[in-house]
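Novice: Shown below is the structure under consideration.
The values are calculated or read from the model by the stated rules, or taken from the named source; none is laboratory data. For clarity, every value in this text was computed on a predicted model and none was experimentally measured. Positions of Cβ are backbone-derived with ideal geometry, glycine not excepted, and every protein chain shown enters the neighbour counts.
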């Protein structure tokens, strides 16, 4: 039989590698949530919807595509970290499909029926629990210890609990609690995964002293570099939990000022120190360093929000600025760069950061600035907020169409071997 041409799209190819299946599902959720938010801004829903648009936005943006991207990375890379047999992609299919169906139910019908929204989140919790079982299988079969993997797996277990708790909150008609759970889960699960994974992969989080190429002595592991922002992130998760006593938050204001403030100083110092380092001449590292710098600005805003002299309005604005700078600037920028690189290299493309990737990253910077401008200067929100939503949706759609096509075609090597291509 003749091999199929490498550019023919086949659904079966999504099962060739874990990242293909997980990334396409993540991109579908990303595009659906982005389009739904843009539509909600263009045509606001009438008052009294089942689940308020703000709650749907918080749940889908904080907990929707990013965990599926995590799964793609973990099931592709962790077997190498752990020297363990890989999990077959087909074994991941039920969990991924449950997550995809759950999020699409929530996004499409959550505003009209609370029970459907709760069902969607319950499906997400079940799907994520199924993927966790396979992560545990990797852990049991590991022949090499990997602390980063163990830490990420532990945080992912908390994510399953957060999804289940949000589903229960919606079922009980407590959409405000579901929104608080989404915020707490972002600070307590999603952001820690980014920080832990970045510490393993990125030199400016592994080596705090920016070693020169000929300076082997200074290249050492610096765990404190990630421990400080991790502590600040977990501290921010606590007050976002439903039922957290307000007077406890008031008592913790010195820590809420000092930890994010110290994380801001450390992060911005590292970003400036590494800016001129030869390693960051590589396009990918330069993009990741730019995303990392956004986290420094986010920590700065969050530290300022803890000042006791601020009024409620000022505190709320600074907290929102910090949240969106972290979610869009750091997490969004890191996610876009890393999933683009893995998708491109695994598809056999020699250049991961090409003209399209550079354009998408540039548009993302406009999204972040527009979103923060809408928060910092409310009169601009009428134009800046829809602009950010439309551009975010455009990034999601372009990424889905481009990388979804790659995921469903044979690996694009110079020659596609018969072993790599499906047979007819």
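Novice: Would you mind listing the helices (runs of 4 or more DSSP H) fully within the range 2-82 where at least 2 residues are more than 30 Å from residue 348 (Cα to Cα)?
Specialist: Working: elements: 18-42, 53-63, 65-82.
Counting at least 2 such residues, we get 18-42, 53-63.
Novice: When you scan the range 140-152, do you find a residue that is within 26 Å of residue 112 (Cα to Cα) and under 18 Å from the mean Cα position of the chain (by Cα), even just one? Spell out how you get there, then give the answer.
Specialist: We begin by selecting, within the range 140-152, every residue within 26 Å of residue 112 (Cα to Cα); these are none.
Among the residues of the range 140-152, not one is within 26 Å of residue 112 (Cα to Cα) and under 18 Å from the mean Cα position of the chain (by Cα), which makes the answer no.
Novice: Given the conditions (1) under 23 Å from the mean Cα position of the chain (by Cα); (2) at pLDDT below 95, which single one is not true for residue 50?
Specialist: Here residue 50 meets the rest and fails (1).
Novice: Now a separate question. Taking the condition under 25 Å from the mean Cα position of the chain (by Cα) and touching a residue at least 60 places away in the same chain (Cβ under 8 Å), does residue 273 pass?
Specialist: It is false that residue 273 is under 25 Å from the mean Cα position of the chain (by Cα) and touching a residue at least 60 places away in the same chain (Cβ under 8 Å).
Novice: Still on this structure: For the range 190-204, what are the residues that are at pLDDT below 80 and over 13 Å from residue 277 (Cβ atoms)? I'd like the intermediate steps shown before the answer.
Specialist: Initial filter on the range 190-204 (at pLDDT below 80): 200-204.
Selection gives 200, 201.
Novice: Quick check on this structure: which one of 397, 364, 372 is within 16 Å of residue 336 (Cα to Cα), under 25 Å from the mean Cα position of the chain (by Cα), modelled with pLDDT of 95 or more and crowded, with 21+ Cβ neighbours inside 10 Å?
Specialist: Values: 397 fails: crowded, with 21+ Cβ neighbours inside 10 Å; 372 fails: within 16 Å of residue 336 (Cα to Cα).
Every option except 364 fails the conditions.
Novice: Would a scan of the range 54-68 turn up a residue that is farther than 22 Å from residue 343 by Cα and over 21 Å from the mean Cα position of the chain (by Cα)?
Specialist: Checked against the condition, which is being farther than 22 Å from residue 343 by Cα and over 21 Å from the mean Cα position of the chain (by Cα), the range 54-68 yields no hits at all.
Novice: Shifting gears a bit: Out of (1) at pLDDT below 95; (2) farther than 25 Å from residue 160 by Cβ, the odd one out for residue 35 is which?
Specialist: The number of the failed condition is (1).
Novice: Right, next: Evaluate the range 409-416: report whether one residue or more is farther than 23 Å from residue 59 by Cβ, touching a strand residue (DSSP E or B) at 6+ places or on another chain (Cβ under 8 Å) and either surrounded by fewer than 20 Cβ atoms within 10 Å (Cβ to Cβ) or modelled with pLDDT of 95 or more (or both).
Specialist: yes
Novice: Separate question: Just for the range 212-243: of the residues that are assigned to a loop (DSSP other than H, G, I, E, B) and under 30 Å from residue 316 (Cα atoms), which one is modelled with the highest pLDDT?
Specialist: Narrowing the range 212-243 to residues assigned to a loop (DSSP other than H, G, I, E, B): 212-215, 219-223, 238-243.
Filter once more, keeping what is under 30 Å from residue 316 (Cα atoms): 238-243.
On the way: 238: 89, 239: 86, 240: 83, 241: 85, 242: 81, 243: 80.
For the range 212-243, the residue satisfying everything is 238.
Novice: Give 104, 131, 119, 163 a once-over and let me know the one that is touching a helix residue (DSSP H, G or I) at 6+ places or on another chain (Cβ under 7 Å), under 15 Å from residue 19 (Cβ atoms), assigned to a helix (DSSP H, G or I) and at pLDDT 95 or above.
Specialist: Working: 104 fails: under 15 Å from residue 19 (Cβ atoms); 119 fails: under 15 Å from residue 19 (Cβ atoms); 163 fails: under 15 Å from residue 19 (Cβ atoms).
Result of the check over 104, 131, 119, 163: 131.
Novice: Taking the stated definitions as given, is residue 168 in a helix (DSSP H, G or I), surrounded by 24 or more Cβ atoms within 10 Å (Cβ to Cβ) and modelled with pLDDT of 95 or more?
Specialist: No.
Novice: Consider residue 72 carefully, then state whether it is in contact with a helix residue (DSSP H, G or I) (Cβ under 9 Å, 6 or more places away or on another chain) and surrounded by 20 or more Cβ atoms within 10 Å (Cβ to Cβ).
Specialist: Against the criterion (in contact with a helix residue (DSSP H, G or I) (Cβ under 9 Å, 6 or more places away or on another chain) and surrounded by 20 or more Cβ atoms within 10 Å (Cβ to Cβ)), residue 72 qualifies.
Novice: Same structure, new question: Name the residues in the range 244-270 that are modelled with pLDDT of 90 or more and either closer than 22 Å to residue 181 by Cα or surrounded by 20 or more Cβ atoms within 10 Å (Cβ to Cβ) (or both), would you?
Specialist: 255, 256, 259, 260, 263, 264, 267
Novice: Among 136, 103, 128, 112, which is touching a residue at least 60 places away in the same chain (Cβ under 8 Å) and over 30 Å from residue 47 (Cα atoms)?
Specialist: 128
Novice: Out of 173, 188, which single residue is outside any helix (DSSP H, G or I) and within 20 Å of residue 240 (Cα to Cα)?
Specialist: Numbers: 188 fails: outside any helix (DSSP H, G or I).
Step by step, each of 173, 188 is checked, and only 173 is outside any helix (DSSP H, G or I) and within 20 Å of residue 240 (Cα to Cα).
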